[in-house]
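The values are calculated or read from the model by the stated rules, or taken from the named source; none is laboratory data. Being a predicted model, the structure only gives us computed values, none of them experimental. Cβ: placed from backbone, ideal geometry, glycine included. Neighbour counts: every protein chain shown.
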Amino acid sequence: MSKAILTDITKCIGCLECVKVCKNTYGLEYDVPRTWQKNDGLSAQNWTAVLQKPGKKYIRKQCRHCLEPACVTVCPVGALHKTAEGAVMYDSDKCLGCRYCMMACPYGIPRYDWDKPVPYIRKCIMCYPKIKNGEQPACTAACPTEATIFGERDALIAEAHKRIKETPGKYIDKVWGEHEIGGTSVLYLSDIDLGFLSYQPHLGNTPLPNRTEPAMKAVPIAFAGMGGLMYGLNWIIRRRMDKQGKKENEE
Ligand code: SF4
Ligand code: SF4
Ligand code: SF4
């Protein structure tokens, strides 16, 4: 069964425990935001952020782990894939650094590791090793108000609709992520419009791969060949750097 995270904006107090525990779990540094990046707190070292809106509204931002992810479809070397458990995972060994995934993501999630000699794409992994192990993600476990919770996607959607029904007027009558672009594994309940989390306020329900796949198929074979060349060069550079690292360790 596919897992998911449900974040209820009305319960979030902006304590940042979810951000801190994510950093501690993955040894992510406290970095300086780049001026050219989106001012949303996400970076290669910050896989989740809490945005603040007027009226003391706090909104967690992280990868939405789309059911039909555009990032997966556009990757020319299969470095990203959707798992049965729900997480969208990334394989740095395959990545050739083209950054198509960054352009394709409708929520502006993947970030590039600008500071590293061999940069990677980084983003929330829904704590995949933990959920594979029957545990919940670090951030949902750490949240003191249960503003962000983990469970079966179907059960969380039912819970979200139950809250909307039981407290009329408290929420906008919508579960964000239930249907948009084919659905996501990170869902939201909110009393404010969350259209600002995506590039367009209303993305529609059509999965983005239905639109990106024909475009990718139209990429000329010569360009695909260039992709292969870049991949080869990337592999050689990484191998050299690995060897260099081993040599330095031996000295
Ligand atoms: S939110 Fe973006 S990066 Fe995350 S799965 Fe969807 S398309 Fe991929
Ligand atoms: S699910 Fe895991 S990786 Fe994603 S934000 Fe939460 S703690 Fe970080
Ligand atoms: S830990 Fe929970 S309450 Fe605190 S900022 Fe994160 S989602 Fe909000």
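Take Lys132 and decide whether it is free of Cβ contacts under 8 Å to residues at least 40 places away in the same chain and either away from ligand 1 (no atom under 12 Å from the Cβ) or of a type in the set (Val, Ile, Thr) (or both).
In short, no.
Does at least one position in the range 103-111 carry a residue that is of a type in the set (A, V, I, L, M, F, W, C), in contact with an Asp or Glu (Cβ under 8 Å, 6 or more places away or on another chain) and free of Cβ contacts under 8 Å to residues at least 60 places away in the same chain?
no
I'd like the residue in the range 79-111 that is farther than 15 Å from Met126 by Cβ and of a type in the set (Ser, Thr, Tyr) and, out of all such residues, is nearest to ligand 2 (Cβ to nearest atom).
Residue satisfying both the conditions and the ranking: Ser92.
For Lys116, are the conditions met, namely being touching a strand residue (DSSP E or B) at 6+ places or on another chain (Cβ under 8 Å) and either more than 17 Å from Ile149 (Cα to Cα) or within 16 Å of ligand 3 (Cβ to nearest atom) (or both)?
So Lys116 does not fit the description; no.
Residue-wise test of (1) closer than 19 Å to Thr48 by Cα; (2) within 13 Å of the chain's Cα centre (by Cα); (3) not assigned by TED's automatic domain parsing to the domain that holds Val50.
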{"residue": "Ala70", "(1), (2), (3)": "no, yes, no"}
{"residue": "Val74", "(1), (2), (3)": "no, no, no"}
{"residue": "Val77", "(1), (2), (3)": "no, no, no"}
{"residue": "Tyr90", "(1), (2), (3)": "yes, yes, no"}
{"residue": "Arg122", "(1), (2), (3)": "yes, yes, no"}
{"residue": "Ile149", "(1), (2), (3)": "yes, no, no"}
{"residue": "Asp154", "(1), (2), (3)": "no, no, no"}
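Residue under question is Ser190, and the condition is that it be more than 16 Å from ligand 1 (Cβ to nearest atom), touching a residue at least 24 places away in the same chain (Cβ under 8 Å) and under 23 Å from Pro207 (Cα atoms); does it hold?
yes
Please go through the range 1-27 and pick out each residue that is under 19 Å from Gly177 (Cβ atoms), out of contact with any Lys or Arg (no Cβ under 8 Å at 6 or more places or on another chain) and either within 9 Å of ligand 3 (Cβ to nearest atom) or at pLDDT below 95 (or both).
Lys11
Residues that are surrounded by fewer than 16 Cβ atoms within 10 Å (Cβ to Cβ): find the helices (runs of 4 or more DSSP H) completely inside the range 71-166 holding 2 or more of those.
Once the helices (runs of 4 or more DSSP H) in the range 71-166 are filtered for at least 2 residues that are surrounded by fewer than 16 Cβ atoms within 10 Å (Cβ to Cβ), what remains is 128-132, 153-166.
Can you say whether Glu85 is under 18 Å from Pro129 (Cα atoms), in contact (Cβ under 8 Å) with a residue 12 or more places away in the chain and away from ligand 3 (no atom under 16 Å from the Cβ), as far as the supplied structure shows?
Judged against the criteria, Glu85 is a match.
With Ser185, Ser198 as the choices, which residue is in contact with a Lys or Arg (Cβ under 7 Å, 6 or more places away or on another chain) and farther than 20 Å from Thr10 by Cβ?
Ser185
Please find, within the range 84-113, the residue that is farthest from Leu28 (Cα to Cα) out of those that are hydroxyl-bearing (Ser, Thr, Tyr) and touching a strand residue (DSSP E or B) at 6+ places or on another chain (Cβ under 9 Å).
Tyr107
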